[in-house]
Amino acid sequence: MAEAEPLVAPQIEEYERRIADLRAANEGLRDAIAQIAAFQRLSNVISTTLEHEKIVGLLLDLTSEIVEYRRCVLLLYDAASNVFRADIGRNTDPAWLEDIRSEEEEGILAWVLAKGTPAILPNLRGEGGGSLLVPLSVGGQGVGVLYLATAYGGSDYVAQHFEMLSLLANQAAAAILNARLMKSAEAFGQFLHNCLDSMQDGVFVLSGGDRLSVLNRQARSMLGLPDAVREGASLSEALPETLVQQLEPQIVDTVVGGQPTVRECEIPVGGRSLPLLVTLTSLHNPEGRRDGFIGVLRDLTQTRELAQLRELDEVKNEFVSNVSHELRTPLTSIKAYTETLLDSVGADDVETRREFLSIINEECDRLTRLIGDLLSLSRIQRGKLEFHMAEHDLLALARRVMDACAVDAPRHRLTLSAPDSLPPMRFDADKMSQVFYNLVGNAIKYSPAGGKVEVEIVPREDGIEVVVADEGIGLAPHDLEKVFDKFYRVNSTSTATIGGTGLGLSITRFIVEAHGGRIWAESELGKGSRFRFVLPLAGARAGGR
Ligand code: ADP
């Protein structure tokens with residue numbers, strides 16, 4: 001092996017220079033790797049952080065790794081008011097910020113932002129070095145300017161610094177915009193939430209595979225739902241079972257038909273029945289495909305109560321007018337016959353006097369019966385209707401009432417069929433007369449064309465049945481159910497001219513039931529009616545309810 005020639009001094013110097021260069025390049029490389037790692041960190045933050053403070057904090061930290069600064073501040077640009085507002089900074093002081101404000105007024109910040117590349121200004125406060133202004137913008141949208149006070153002069157900056165800072169600033173701008181978007185999306189979401197919670201109606205939305213995605217406060221309180229019911233629950237987990245059952249056909253109609261559907265339902269909530277008007281509307285996703293539905297629940301309690309009050313008011317007015325009419329008719333007749341008796345019928349015309357006096361007498365009986373009904377109603381309502389039970393002859397009572405009624409019904413044929421004798425019965429005779437007067441009176445009154453009025457008394461196993469049948473105007477099925485209700489009068493052309501108060505049958509039912517009996521009616525419109533009641537043989541169990 002040949003012996004190596006010893007190095008001469010110039011060669012050694014050359015090698016040493018090269019080694020130093022390599023070392024410097026190595027350090028530069030290490031710095032570059034450190035900066036790339038720093039960017040990596042910011043990129044991670046951009047993709048994971050939506051907090052403005054964190055983003056800006058990191059921007060300032062990373063900037064200090066690229067350029068040493070004495071103080072710095074991020075000036076955010078508000079496009080709506082065209083002003084820059086100082087945001088987060090390091091080592092800021094009011095005087096420095098005031099200097100920046102005057103630069104803003106001169107349009108320097110806007111100029112840097114519009115230019116889109118960093119700019120160097122001489123330091124305003126005679127500290128030496130210069131100010132470095134780095135614009136933050138993304139996709140042409142100006143976000144702000146990062147303002148740094150550094151110790152360097154203009155020539156100390158290398159192009160590499162500017163490039164790094166611009167890159168960093170743009171990343172931060174994107175992150176700040178994202179955070180802003182997120183914040184405004186959150187604020188809008190909260191706003192919608194508040195709107196829904198402020199609504200009078202209950203609202204629920206089912207979407208994304210029939211999962212509850214909205215349930216407003218009103219729906220929760222209306223349906224008495226526990227706090228455990230949360231978004232994400234299925235319909236049957238979220239809403240009361242009775243409501244879900246009633247809504248199922250409506251949901252099918254809405255989802256299949258695609259049209260809004262409205263339905264009234266009634267569900268038990270907190271020990272009472274809640275009337276609801278439910279509107280379902282199908283929900284579409286942005287691609288136009290159906291994706292669940294929106295339910296709106298309206299509590300009908302108040303609407304119904306109001307309607308009932310209005311109806312009650314109408315019934316009251318009608319009742320007052322009916323009673324006034326019923327009082328005036330016999331009174332007019334009494335007055336007319338009395339005047340004629342006084343003025344025109346001679347003392348010796350005994351027959352006419354007797355006829356007129358008996359008419360007056362009948363009208364007085366009519367008045368007495370009407371007032372009796374009114375008194376009975378008021379006593380029933382106060383729970384004060386008393387019964388004086390004793391043994392009486394029902395057959396004799398029926399005959400008496402029919403004879404009295406016959407006087408008033410020349411066009412009717414009144415018949416009574418009954419066995420020769422009936423088992424002994426106990427009842428309140430006055431009240432039972434009231435029952436017969438009401439039923440026979442109605443049979444006559446509601447057969448304006450006349451006809452047969454038959455009273456039949458039939459002993460049955462469980463008591464005595466009384467049937468009052470007529471050939472009159474009859475009753476439609478829906479009226480048949482209601483004629484025993486207080487104040488109820490059939491409203492039709494055939495009843496329009498027939499007077500009454502709507503009290504008779506309700507009092508009649510009360511009296512029969514108070515005697516332990518029951519009453520019902522059978523009828524067909526235009527074909528007459530049969531009112532039937534059964535009294536128990538013992539006739540016991542009487543007394544006010
Ligand atoms: P009203 O004083 O109006 O006769 P009621 O309580 O006795 O009051 O009867 C209630 C309603 O029932 C009447 O207004 C009438 O429309 C109907 N009604 C009662 N009895 C008969 C009958 N025999 N035939 C047809 N309708 C009747």
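The values are calculated or read from the model by the stated rules, or taken from the named source; none is laboratory data. All figures in this text were calculated on a predicted structure; none of them were measured in a lab. Heads up, the Cβs are rebuilt from the backbone with ideal geometry, glycines too, and the neighbour counts pull from every protein chain shown. Only protein heavy atoms, including side chains, enter the accessible area calculation; ligands, DNA and RNA are left aside. Shrake-Rupley method; radii C 1.70, N 1.55, O 1.52, S 1.80 Å.
Here are a few things to note about the model shown:
- Inter-part distance, the stretch 253-299 to the stretch 172-223, computed on C-alpha centroids, equals 19 Å.
- Relative contact order %, the chain, counting alpha carbon pairs below 8 Å whose residues are six or more apart: 8
- The residues of the stretch 185-250 have, on average, 54 Å² of accessible surface per residue, using a 1.4 Å probe with all protein chains present.
- Looking at the stretch 475-538, the trypsin sites (Lys or Arg not before Pro) that sit in a DSSP loop and have at most 15 other Cβ atoms within 10 Å of their own Cβ are Lys482, Lys527.
- 3J(HN,Hα) from dihedral phi, the stretch 50-60, Karplus parametrisation 6.51/-1.76/1.60, rounded to Hz, x for glycine, proline: 10, 9, 3, 4, 5, 4, 5, x, 5, 4, 5
- For the pair Thr340 and Met182, the difference between a 0.36 nm per residue extended length and the Cα-Cα distance amounts to 47.2 nm.
- Amide proton proximity set for Leu136, modelled H, under 5 Å, gap of 5+: Val143, Gly144, Val145, Leu146
- Within the shell defined by Cβ-Cβ distances under 13 Å, the residues around Gln190 carry a net charge of -1, with Lys and Arg each +1 and Asp and Glu each -1.
- Take the Cα of Val458, step 7 Å toward its Cβ, do the same at Ile36, and the gap between the two points is 11.0 nm.
- For the chain, calculated [θ]222 nm from helices alone, where every DSSP H run of n ≥ 4 adds -39500 (n - 2.57): -16500 deg cm²/dmol
- R0 of 41 Å, Cβ-Cβ distance Ser102-Arg17: FRET efficiency to nearest 0.05: 0.25
- Counted by Cβ distance under 15 Å from Ala449, the other residues give a net charge of +3, where Lys and Arg count +1 and Asp and Glu count -1.
- Overall shape: oblate for the stretch 486-538, with the ratio a/c of the largest to smallest alpha carbon gyration tensor axis at 1.5 or above and b/c at least equal to a/b.
- Per-residue packing, averaged as other Cβ atoms within 10 Å, sorts the ranges 392-404, 255-267 into the order 392-404, 255-267, beginning with the highest.
- J(HN,Hα) series, the stretch 338-344, from Karplus relation 6.51 cos²θ - 1.76 cosθ + 1.60, nearest Hz, glycine and proline x: 5, 4, 5, 4, 5, 8, 10
- Rounded if a/c under 1.5, otherwise prolate or oblate - the stretch 1-112, Cα gyration tensor axes: prolate
- Shape of the chain, Cα gyration tensor, a/c cut at 1.5: prolate
- The trypsin sites (Lys or Arg not before Pro) of the stretch 287-352 that meet both conditions, a loop assignment by DSSP and at most 10 other Cβ atoms within 10 Å of the site Cβ, are Arg289.
- In loop segments of the stretch 47-125 as defined by DSSP, the GluC sites (Glu not before Pro) with at most 16 further C-beta atoms inside 10 Å of their C-beta are Glu51, Glu68, Glu106.
- Coupling constants for the stretch 21-37 follow from the phi torsions by the Karplus curve (6.51 cos²θ - 1.76 cosθ + 1.60, θ = phi - 60°), and in residue order they are 4, 4, 4, 5, 4, 4, 5, x, 4, 4, 4, 4, 5, 4, 5, 4, 4 Hz; glycine and proline get x.
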